[in-house]
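Before any comments, here is the structure.
All of the numbers you see were taken from the coordinates with simple rules; none came from a lab. What you see is a predicted model; the values in this text were computed from it and never measured. Every residue, glycine as well, gets a Cβ built from its backbone with ideal geometry; the counts of neighbours run over all protein chains shown.
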Amino acid sequence: MELQVSDIEIVLGDQLVLQRVSIIVKPGEFVGIIGPNGSGKSTLLKCIYRVLLPSRGVVLLSGYPLSAMSLRQSAQCMAVVAQHNVASFDFTVQEIVLLGRSAHKKMMERDHAGDYAIVRECLDKVGLAAFADRSFSTLSGGEQQRVMLARALAQKTSCLILDEPTNHLDIKYQLQLMDIVKTSHLTVLAAMHDLNIAAMYCDKLFAMEDGKIVGSGTPEQLLTPDFIRMLYGVTAKIVKDADTGKISIIYQAGAV
Amino acid sequence: MKPTLLQSKPVSLLTGLLLLIALILSLLIGVTMGSVHIAAADVYNVILQHFSWYEVQPLGVERAVYDIVWLLRMPRLVLAAAVGMGLAVCGAVMQAIMKNPLADPYILGISSGASLGAALAILCGVGTAFGANYIGICAFGGAFIMALAVLVIAGHGGESHPVKLLLTGMALGSVSSAFSSFIVYISNDIDGIQRVTYWLMGSLAGANWKSLTVIFPVVLGAVMFFWSQSRILNLMLMGDETAVTLGTNLHHYRQAYLVVCALVVGFVVYAAGMIGFVGLLIPHIVRMLFGTDHNKLIPLCALVGAVFLIWADVLCRIILPKTELPIGVLIALVGAPFFVYLMTRKVYHFGSRT
């Protein structure tokens, strides 16, 4: 499923938070959005997953405007893993993942065996099959985030939006989570903090600053030392791994 | 923490069944208890008279016994069940709507609205035209109008978020409390002031079959309705943003649920005054034992609430010789320590764990 954002603008108060932002994610692509804190990454994603209403511009899912779809319809096409969120009140893991089936349910319809099968399959995919009956609040941060991913997968959508999904996770869980997403072969749009993780997994990157898109391209094209200095104000050098062909960013201390 | 045995599915089904049996037994045992001693055989004879398939026993029961059993005890027990059910379920729903474990059915100024209605009726004679239970009717009006006012004001200029609803309820609650205090202050009617105080403590003594034919269906209907809404209630605890990404805008649901709750609470207030603590206590106890999923929580709350209030009322009637303990007093005295005991014994975070 193709996700297209064209000329989105957002005005909060008298401040222009997003300025004519346009991005396109082709079917099956893994696209990252990078940029410093406050550059508007999360705001852009919130426009896409319909928590914020853009003041101008449209978001198209497979060429169909989001504003013309019901929330139910869009939740059947697009699932979201937001920044690490703590659920209040104590649910079991299974109950939380089951809520991912909401968009496929009618008002009074109850959950049936098919839903439970999907829940099991998704928990299996994130490696938490044994945790179905555990209480969510007793899980570690990494496990909780994987539950959130399982819930998004249970929506059975073709498009996945991730808002800094690896925040607060240690490196093992970061890689584990990104691997699960990558191997699910969905159309993915992710806001990313860590440039090395972004370079490893993304097919394409968009860079944001002050609510504008300031660059785009493959990780190798976009992430040059000059561009990183321009975007983040830090000095870094780029090393290309001979085996994988992936680039890594090495930051220099004391060079801010 | 491993899930306790109580949280697994077949066990909660069984628990529901056991609670249903407990409810029926409570009604049958409760009706034999009271300040006047009546033989159990006579009690059941009176009750069975009301079923067409039963042939009335020739041992004629006295008129007084009939009145006590069928016109005083039975409606009172049924009312206790309805009130307990209504308050417990509305408490659970309010906690979901507000996403706040401290919410109870009377939050959002509903209690202040009801008190203002009652104070106006008792001290100013408002609504005497409504007949014998004009105080209840005014309290119902106060509660219901208050809930609607909170909804309308909090919904003004954007969608009503839980915090906005809560603050609006507090503000309007303070205004109507101030009015109540003012009325009490300028009134010279000592007897009336005492009646307001007594009324605020809640009592099931006014039960009668006529009002029950309305209240019981309303409460039962609301319980069934909320049970059918368990997925939305679960989503409410996830928060508005998550709910949107899962395909549901909670705004309209929240409003609809508040109106249904206000209706139920209004009827409860009409029939029994203010009975505090049940609506806060029962949902937490059930949640501690059986988990948060509303698909289990709603029916179990209804049953536990009903059984709890039946026994609380029976105790109120028999614990002091020749007089009745106000039910609100008893519930706080017995319920609060039990609640604290459960809280310290089990890992339960009220959702405040981060």
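Quick notes on this structure:
- Global form of region B:198-354, assessed from the alpha-carbon gyration tensor, a/c cut-off 1.5: oblate
- In order along region A:62-77, the phi-based Karplus estimate (6.51 cos²θ - 1.76 cosθ + 1.60, θ = phi - 60°) of 3J(HN,Hα) comes to 6, x, 9, x, 4, 5, 8, 9, 6, 4, 4, 4, 5, 6, 7, 9 Hz; Gly and Pro are listed as x.
- Distance from the C-alpha centroid of region B:14-39 to that of region B:279-318: 15 Å, rounded to the whole angstrom.
- Sorted fewest first by neighbouring Cβ atoms within 10 angstrom, A:Met178, B:Met33 come out as B:Met33, A:Met178.
- Kyte-Doolittle mean at least -1.0 and Cα axial length at least 27 Å: DSSP H helices in chain B: B:9-30, B:74-98, B:134-155, B:162-186, B:209-228, B:250-272, B:294-318
- Sorted by Cβ density within 10 Å, fewest first, the residues B:His294, B:His161, B:His37: B:His37, B:His161, B:His294
- Close amide-amide hydrogen proximity is noted between A:His168 and no other residue 5 or more places distant or on a separate chain, at a cut-off under 5 Å (H modeled in the peptide plane; Pro and chain starts excluded).
- Rounded, prolate or oblate (a/c below 1.5 giving rounded, otherwise prolate when a/b exceeds b/c) for region B:252-316 by Cα gyration tensor: oblate
- The separation of region A:25-51 from region A:173-205, counted between C-alpha centres, amounts to 13 Å.
- The helix-only estimate of mean residue ellipticity at 222 nm for chain A, built from DSSP H runs of length n ≥ 4 each weighted as -39500 (n - 2.57), is -9000 deg cm²/dmol after division by the residue total.
- Put simply, the amide H of A:Gly215, placed in the peptide plane, has neighbours under 5 Å in A:Ala207, leaving out anything fewer than 5 places away on its chain.
- Coupling constants for region A:208-224 follow from the phi torsions by the Karplus curve (6.51 cos²θ - 1.76 cosθ + 1.60, θ = phi - 60°), and in residue order they are 10, 8, 6, x, 10, 7, 10, x, 7, x, 5, x, 5, 5, 7, 7, 9 Hz; glycine and proline get x.
- Pairs over the 30 Å Cα-Cα cut-off, from the set A:Lys204/B:Lys164; A:Lys182/B:Lys296; A:Lys172/A:Lys237; A:Lys106/B:Lys210: A:Lys204/B:Lys164; A:Lys182/B:Lys296; A:Lys106/B:Lys210.
- Region B:61-148 shape via C-alpha gyration tensor axes, a/c threshold 1.5: oblate
- Computed from the C-beta positions of A:Val239 and B:Ile21 and an R0 of 56 Å, the FRET efficiency is 0.20 to the nearest 0.05.
- Put simply, the Cα atoms of region A:1-133 extend 47, 31, 30 Å along their principal axes, the longest span coming first.
- Per-residue average of Cβ from other chains inside 10 Å of B:244-254: 6
- 10 Å-binned pair-distance histogram of region B:161-284 (Cα, whole percent): 10, 29, 33, 20, 7, 1
- Here region B:128-226 is treated as a sphere whose radius is the Kirkwood value from Cα pairs; by Stokes-Einstein at 37 °C and 0.692 mPa s it diffuses with a coefficient of 201 µm²/s.
- If the chain linking B:Lys322 and B:Phe130 were pulled fully straight, counting 0.36 nm for each residue of separation and taking away their Cα-Cα distance, it would gain 65.9 nm.
- Proximal charge balance of A:Gly28 [Cβ under 13 Å; K/R count +1, D/E count -1]: 0
- Fewest-first sequence of A:Phe91, B:Phe225, A:Phe206 by Cβ atoms within 10 Å of each Cβ: B:Phe225, A:Phe91, A:Phe206
- Taking every residue in A:98-111 and counting other chain Cβ atoms within 10 Å of its Cβ, the average works out to 4.
- Net charge in the neighbourhood of B:Leu330 (other residues with Cβ under 13 Å of its Cβ; Lys, Arg +1, Asp, Glu -1) is -1.
- Per residue of peptide B:232-243, the mean number of Cβ atoms on other chains within 10 Å of the residue Cβ is 5.
- Along each principal axis, Cα extent of the protein assembly as shown, largest first, Å: 101, 54, 45
- Around the amide H of A:Gly35, modelled in the peptide plane, lie the amide H atoms of A:Met208, all under 5 Å away and 5 or more residues distant in sequence or on another chain.
- Take the Cβ atoms of B:Leu333 and A:Tyr251, set R0 to 51 Å, and the FRET efficiency comes out at 0.20.
- In chain A, the C-alpha radius of gyration followed by the widest Cα-Cα span (Dmax) gives 18.7, 60 angstrom.
- D_trans [Stokes-Einstein, Kirkwood Rh over alpha-carbon pairs] for chain B, 4 °C, 1.567 mPa s, µm² s⁻¹: 61 µm²/s
- With contacts taken as Cα pairs under 8 Å at a separation of at least 6 residues, region B:80-345 carries a relative contact order of 33 percent.
- The label point for A:Gln73 and the one for A:Ile24, both projected 7 Å from the Cα toward the Cβ, are 2.3 nm apart.
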